[in-house]
Amino acid sequence: MKFEAIAVENIPLIQDGDDLPSIICENISLQDRDIVIIASTVVAKAEGETFRLEDVPAGEKALEIAARIGKDARFIQAVLARSREILVERPFMLVTTLSGHTCVNAGVDESNIEHGFLLYPPKDPDRSAARLGKKLEELTGKELSVIVTDTNGRAFKIGQTGVAIGIYKIKPIKRWIGEKDLFGKVLEITEEAVADELAGAANLLMGEGAGGIPAVAIRGLDYYCEDDTCIKETYRPEEQDFIKKGLRCLQRKS
Ligand code: GDP
Ligand code: MN
Ligand code: MN
């Protein structure tokens, strides 16, 4: 058994309005059932999500949080603009974004963008993935899956990893429930986070710095799905999200 991860090289610095699918197709010959992994940084750049801190007027809530935690109120305003709920304020802002993803700073980032500029993550990464995927399929005539990724930390371990924040035509979870283990015992709870694992694998080629590799094709794994899928289906239903409940308790106490 094996699969391949192929870096898409020679992609230029992406600007507002750039046609990412065409740029990708000019630099790799995609095959049926390839999984095209694209860093959210370039998706956001192409969607014109860059901004300057000077242009963000801080509202009352941002000023209040800034006073409490001693950070730039304009940056907090930018985070709030993309957040549905703040779970942790200090020592970092852990939020749930408008699209339901939970991460630090709502994914607002200043790396790999010109000096003086910041980047909002794509507003609706599932929609971005679908738009990119449909265009890639149109250009190539192939059946393709897409994963839009970002780099996130983990709650209980040091080190960040690539994660899926938007998907197109891929099953994000592989259910092992009902399958047998080596000894014939029936698995009862295991569901494998395939989209995140693929994001992590692609991230090995992307890196986090000046590598200039914002897209990777994974070839040789069959997770293709005809139906509409979205990463939102992997976010835990509120009533089952015990970690969030705990964080809310702590917020109320502090
Ligand atoms: P994120 O994980 O989505 O936040 O993206 P990163 O900032 O970690 O970048 C992932 C990869 O994409 C790295 O190899 C960057 O050097 C590369 N990258 C970021 N922006 C661009 C761009 O505009 N053009 C190219 N060619 N590479 C980029
Ligand atoms: Mn990022
Ligand atoms: Mn990254």
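Between Leu204 and Lys134, the C-beta separation translates, for a Förster distance of 22 Å, into a calculated FRET efficiency of about 0.20.
Only the Cβ atoms of Lys and Arg (+1) and of Asp and Glu (-1) were treated as charged; on that basis the dipole of the chain about its Cα centre amounts to roughly 1040 debye. Bridgeable lysines around Lys135 (alpha carbons under 29 Å apart, same-chain partners fewer than 8 residues away excluded): Lys2, Lys45, Lys123, Lys169, Lys171, Lys174, Lys232. Tell me whether the chain comes out rounded, prolate or oblate; compute the Cα gyration tensor, take square roots of the eigenvalues as a ≥ b ≥ c, and use a/c under 1.5 as the rounded threshold. Note, shape of the chain comes out oblate. Working value for the range 64-202: equivalent-ellipsoid semi-axes of 32, 23, 12 Å, each the square root of 5 times a Cα gyration tensor eigenvalue, largest first. Peptide packing for 226-237, 37-48 was compared via the average number of neighbouring C-beta atoms within 10 Å per residue; ordered from the highest value, the list is 37-48, 226-237.
For the chain, the per residue solvent-accessible surface stands at 56 Å², with DNA, RNA and ligands left out and a 1.4 Å probe.
In whole angstrom, how far apart do the alpha carbon centroids of the range 1-38 and the range 240-254 sit? Spelled out, the Cα-based centre of one part sits 40 Å from the other. Only protein atoms count toward the accessible area here, which uses a 1.4 Å probe; on the chain, the carbon and sulfur part of that area reaches 52 percent. Count neighbours as other Cβ atoms within 10 Å of each site's Cβ, and list the trypsin sites (Lys or Arg not before Pro) in the range 82-126 that are DSSP loop with at most 15 such neighbours. Those satisfying the criteria are Lys123.
Among the GluC sites (Glu not before Pro) in the range 117-165, those located in a DSSP loop and surrounded by at most 16 other Cβ atoms within 10 Å of their own Cβ are Glu143.
With the helix formula -39500 (n - 2.57) applied to DSSP H stretches of n ≥ 4, the chain reaches a computed 222 nm mean residue ellipticity of -9000 deg cm²/dmol. Binning all Cα-Cα separations of the range 1-124 at 10 Å, short to long from zero, yields these whole-percent fractions: 12, 36, 28, 16, 7, 1.
DSSP loop trypsin sites (Lys or Arg not before Pro) in the range 124-170 with at most 10 other Cβ atoms within 10 Å of their Cβ, which ones?
The qualifying sites are Arg154, Lys157.
Please work out the Cα center distance from the range 202-231 to the range 136-154, rounded to the nearest Å. If we compute the Cα centre of each part, the gap is 6 Å.
The values are calculated or read from the model by the stated rules, or taken from the named source; none is laboratory data. Small disclaimer: the values here were computed from a predicted structure and weren't measured. Neighbour counts run over all protein chains shown; Cβ positions are idealised from the backbone, glycine included. Only protein heavy atoms, including side chains, enter the accessible area calculation; ligands, DNA and RNA are left aside. Shrake-Rupley method; radii C 1.70, N 1.55, O 1.52, S 1.80 Å.
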